[in-house]
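For reference, the structure is listed below as structure tokens.
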Amino acid sequence: MSTIHGEGTAALPSPKPKPVYTSLWRQSFRRLIKNKLAVLGFVVVAFMFAACFIGPLFSPYTDNKINMAFMNKAPSLKHWLGTDALGRDVLTRVLQAGRISLTVGLASMVLSVFVGSLLGVIAGYYRGIADQIIMRLADLLLTIPSLPLLFILGALLSEWKVPTEYRMYIVMLMLSIVGWPSLARMVRGQMLSLREREYMQATVVLGLRDRRKLFNHLLPNLVPLLIVIATLNIGGAILYESVLSYFGLGVMAPTPTWGNMIDAANNMIDFQDHPWLWIPPGFSIFATVIAINIFGDGLRDVLDPKQKR
Amino acid sequence: MDTVLDIEHLSTHFNTEEGVVRAVDDVSLRVRQGEIVCIVGESGSGKSITAMSVMGLVEAPAGQVVGGSIAFRGEDLLKLGRNELRTVRGNEIAMIFQEPMTSLNPVLRIGEQLMEPLMEHRKMSKKAARKRAIELIGEVGISRAEQIADSYPHELSGGMLQRIMIAIAISCDPKLLIADEPTTALDVTIQAQILDMLRRFKEESGMSILLITHDLGVVAEMADYVVVMYAGKVVEEGEVVALFENPQHPYTQGLLKSKPIINQRQDELYSIPGQVPNPLELVPSCYFHDRCAHCMDICRTTEPALKETANRQKVACWLYEEANPHV
Amino acid sequence: MSEPKQPLLEVNGLKKYFPIKSGLFGRTTGNVKAVDDISFTIRQGETFGLVGESGSGKSTVGRTILRLTDKTDGKVKFKGVDLYDLPPQELRRLRPKMQLIFQDPYSSLNPRVRIGDAIGEALLDHGLAPREEIRDRVMEVLNACGLSSYHIDRFPHEFSGGQRQRVGIARALVLNPDLIIADEPVSALDVSIQAQIINLFRKMQDTQGLTYLFISHDLSVVEHLCSHIGVMYLGSMMETASRDELFRNPLHPYTRALLSAVPIPIPKLKRERIVLSGELPNPADPPSGCKFHTRCPFAVARCREEVPLFRNVGNDHSVACHLV
């Protein structure tokens, strides 16, 4: 018995070599697919994207032709969700609007995540004066409630008579202006907490270069948080876009979005007698945003368990 | 001596994403009146889960007591309803934990937290409870009791908080105190004070203590009777002197040999090779077999039963089976 | 053994104060003297054990030596060079020679970096090995530390605490350091694993001629591993001596109390115990005179008023106590 030494552990019967090296990503993925609700959320989101981007290709009504003979027709086999006041197919319009709404949501998310995380990383990693400037700017933007700010910006767009074909891009910009400060703040907080981790102290002791510390050690730990925020952000952006468009301050007709489609049905007659005009876009907003949030919460649970709200 | 706590064939399982963990697997143990029983084991041995099962702190759906009985003074705790359990818990059975900071409410004053159980279980008036609370603070060796009663947990050191926890635990004169690694987070000089104090209270009140620890030094100082756990099972148990002088299970032997002892220098420490098995990969066998120097064929396939080998000493090891040709 | 060895690390009058800020404008209203005028020397090949309870400042000593936090005053000389005189780039180049092993094997490894990369990346950054050799070097050191070559592509979460600590040791050893500062490297581990790691420390010292600064609260581990021992209390050194001298003839009452408080796994062993009363004083407001006088069973009036000198009492045994 006494022949066993510390070195004997070199041959220790540690768990047999597993065939795959499970990275945290793979682990998270496996946990995610066990979360039924999150998977459902993902399926709904994926379905919305697929339907909006592929669906209209199979529709015979994509030319937006005005057809007075088919005004405000109730759903039928020919027009599954009926037609609107100008005789256009509502289903096709909803899908086309979805393209715009989802694109706006996605693009403004990408933009605000890019700007927010870049500024957040700079503030959190270098601290000092850069931190002060960035965070005070973020604070300033955060003190103004987003919706009124967006209204003012939207009103300015109308005032300056920005051509409708550009408005979509400007709305994306507006939404990312509103989106980046909270994001930058979260990223900065995460950076500050990561900096203090013992494994970051280890990189100092090892004398690693700054570049490696940042790209190999800090950023990989930041990505999960970013994915979660980004996902939840899309939902928010879609909502904001709908609200803006509903008030006629965002993307304008004839470019359809879910928001301005509801706006078009914004009168007592349509509300009561032509529910197929506003229920489909309304339901689309509702389903998409809920699904994104459920999926995002699921992601948060597997990627970033400590950040639960 | 009367038996205060009689655990029979207790099994507590946890459902994890990867499968069912049998954290406590058919464990039986007995605590008699006025006795200190130590459960010793490493992390993952199930020693804390055993204690939590007794206190009813294993919460579904994560974990569940799936079998056995826990008789406290003849009454099966597992059959008690919520309210009945509540009157036992904190009153007749008290518990102290490793981290006193997390077991105290940060927004309540020390005195209030001490008064709570007194008013709840002893039906004391507020005034009487406060008087008793201040007495208790003094009894656990803290001076300036009045002042301490009015302070918040964060204002006290870890050692002081553990004293407060003990004061709360003994406030209702429990018959049984369960102490889960009560001194692990403390410095040795404070640990010595706390252990002395626990022993003193035991002598004075005749309560029993179920002490859970990984520190063999603490076991040697405190225990009357020792239960060694490994991977959810009891592998050996016995009276402390006999067990330390004549450990029978290879795990117990290895554990005792691998601890450096002051003033007994060795060039190289004995060390048990390998590590604790993954609880999800256990198959019927002696769970220690792959780290054991005496491993035989039967150890890999069949689980040894806990058998009495000497006076009050029991071991679960094939080396001591009569059928074993090696003996 | 008797030939005079070169001092590898000289710590002289090291102080580290953490300011206490309060009020609206964060004015400094006082200092926590975490390390208060500490001096010791570690010679090549020695293992110096720094012992103390929580709040004694022993970990801060290790971190201040490595410039993980700035000193307040004093000198830290490594191979004759004052580390605090070095510009950042030169310090970075010197870092591989002095490594730190952390207490917590969980938080000291980046969960998203493969073991092989964690061990090999510093070699790469310092140009200590050509890129194509790094994998071999990492495997070599993994094997030396009792892990297997196939562990190289695993992530930290696939390892147990003991194995992670081996990874931490491998990460330090691959750089071929002269000095290793080990901050409570075994206190988070189970007893059976502790013995494995302690033996590994021993073996590495024998094969690589390492010098250790071993920070621990566990006197039995320190006795087993260290050739010299220093005892700290509230930021001050109370006693230093060689191991044999300290255990045979502990002079400071605190050392004696500490020794007698360690539980020994021999039941019914009757020992004379020096029980300390009270708690550790607030380090922001340490007692006057000898910092230990509030808990010392032998304190006299002089201890309250006068700070005892840390002086050599012969046999390379130094102690700060009026009564010795």
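The values are calculated or read from the model by the stated rules, or taken from the named source; none is laboratory data. Owing to the predicted nature of the structure, the values given are computational and were not obtained by experimental measurement. Please note: Cβ atoms are built from the backbone with ideal geometry, for glycine as well, and neighbour counts cover all protein chains shown.
Things worth noting here:
- A single entry from B:PRO273, B:PRO260, B:PRO284, B:PRO250 fulfils the requirement of being of a type outside the set (A, V, I, L, M, F, W, C) and in contact with a Lys or Arg (Cβ under 8 Å, 6 or more places away or on another chain): B:PRO273.
- The lone criterion from (1) touching a helix residue (DSSP H, G or I) at 6+ places or on another chain (Cβ under 9 Å); (2) surrounded by 21 or more Cβ atoms within 10 Å (Cβ to Cβ) left unmet by C:VAL61 is number (1).
- Matching residues, the range B:23-39, being closer than 14 Å to B:LYS202 by Cα and among the polar types (S, T, N, Q): B:GLN33
- Odd one out for C:LEU276, checked against (1) at the interface with chain B (Cβ under 9 Å from one of its Cβ atoms); (2) in contact with a Cys (Cβ under 6 Å, 6 or more places away or on another chain): (2)
- Any hit, the range B:159-172, residues being in a loop (DSSP other than H, G, I, E, B), surrounded by fewer than 20 Cβ atoms within 10 Å (Cβ to Cβ) and out of contact with any strand residue (DSSP E or B) (no Cβ under 9 Å at 6 or more places or on another chain): no
- Failed criterion for B:GLU155 (all others in (1) more than 14 Å from every other protein chain (Cβ to nearest Cβ); (2) more than 20 Å from the chain's Cα centre (by Cα); (3) under 29 Å from C:PRO297 (Cα atoms) hold): (1)
- Within the option set B:LEU57, B:LEU29, being surrounded by fewer than 17 Cβ atoms within 10 Å (Cβ to Cβ) and of a type in the set (A, V, I, L, M, F, W, C) holds for one residue only, B:LEU57.
- For the range C:102-120, the set of residues classified as of a type in the set (Asp, Glu) and within 17 Å of C:SER149 (Cα to Cα) consists of C:ASP117 only.
- Among the residues listed as C:CYS296, C:CYS303, C:CYS321, the single one being away from every other protein chain (no Cβ under 11 Å), more than 22 Å from the chain's Cα centre (by Cα), crowded, with 18+ Cβ neighbours inside 10 Å and not in a loop (DSSP other than H, G, I, E, B): C:CYS303
- Residues of the range B:236-251 satisfying the condition of being more than 21 Å from C:GLY161 (Cα to Cα) and in contact with a helix residue (DSSP H, G or I) (Cβ under 8 Å, 6 or more places away or on another chain): B:GLU236, B:GLU237, B:VAL240, B:LEU243, B:PHE244, B:PRO247, B:GLN248, B:PRO250
- Residues that are in a helix (DSSP H, G or I), of a type in the set (A, V, I, L, M) and either buried (at least 22 other Cβ atoms within 10 Å of the Cβ) or at pLDDT 95 or above (or both), drawn from the range C:142-163: C:LEU142
- Per the listing B:GLY217, B:GLY206, B:GLY238, the residue uniquely in contact (Cβ under 8 Å) with a residue 12 or more places away in the chain and touching a strand residue (DSSP E or B) at 6+ places or on another chain (Cβ under 8 Å) is B:GLY238.
- Screening the range C:92-109 for residues that are surrounded by 24 or more Cβ atoms within 10 Å (Cβ to Cβ) and more than 7 Å from every other protein chain (Cβ to nearest Cβ) and picking the one that is nearest to C:GLU184 (Cα to Cα) gives C:ILE101.
- Residue match in the range C:115-133 (condition: in a helix (DSSP H, G or I), more than 10 Å from chain A (Cβ to nearest Cβ), of a type in the set (Lys, Arg) and in contact (Cβ under 8 Å) with a residue 12 or more places away in the chain): no
- Looking at the range B:80-141, the helices (runs of 4 or more DSSP H) lying wholly inside it that each contain 1 or more residues that are of a type in the set (Gly, Ala, Ser), out of contact with any Cys (no Cβ under 9 Å at 6 or more places or on another chain) and surrounded by fewer than 17 Cβ atoms within 10 Å (Cβ to Cβ) sit at B:126-139.
- Residue list for the range A:204-227, filter: more than 8 Å from chain C (Cβ to nearest Cβ) and either aromatic (Phe, Trp, Tyr) or without any contact (Cβ under 8 Å) to a residue 24 or more places away in the chain (or both): A:ASP210, A:ARG211, A:LYS213, A:PHE215, A:VAL223
- C:VAL167 falls short on exactly one of the conditions (1) farther than 22 Å from A:THR203 by Cα; (2) more than 8 Å from every other protein chain (Cβ to nearest Cβ); (3) in contact (Cβ under 8 Å) with a residue 24 or more places away in the chain, and that condition is (1).
- Where strands (runs of 3 or more DSSP E) fall entirely within the range C:174-253, those with at least 1 residues that are within 14 Å of chain A (Cβ to nearest Cβ) and at pLDDT 90 or above are at C:179-183, C:211-216.
- Residues of the range C:134-156 satisfying the condition of being more than 10 Å from chain A (Cβ to nearest Cβ) and charged (D, E, K, R): C:ARG135, C:ASP136, C:ARG137, C:GLU140
- Residue under evaluation C:MET238, criteria (1) within 22 Å of C:VAL76 (Cα to Cα); (2) more than 21 Å from the chain's Cα centre (by Cα), criterion not met: (2)
- Complete set of residues in the range A:1-56 that are more than 9 Å from chain C (Cβ to nearest Cβ), at pLDDT 50 or above and farther than 30 Å from A:ALA291 by Cα: none
- The set of residues from the range A:168-202 being crowded, with 21+ Cβ neighbours inside 10 Å and over 20 Å from the mean Cα position of the chain (by Cα) comprises A:MET191, A:TYR199, A:ALA202.
- Qualifying residue in the range C:274-285 (condition: in a helix (DSSP H, G or I) and touching a helix residue (DSSP H, G or I) at 6+ places or on another chain (Cβ under 6 Å)): no
- Of all residues making up the range C:254-273, the number that are at the interface with chain B (Cβ under 9 Å from one of its Cβ atoms) and either more than 27 Å from C:ARG43 (Cα to Cα) or assigned to a loop (DSSP other than H, G, I, E, B) (or both): 12
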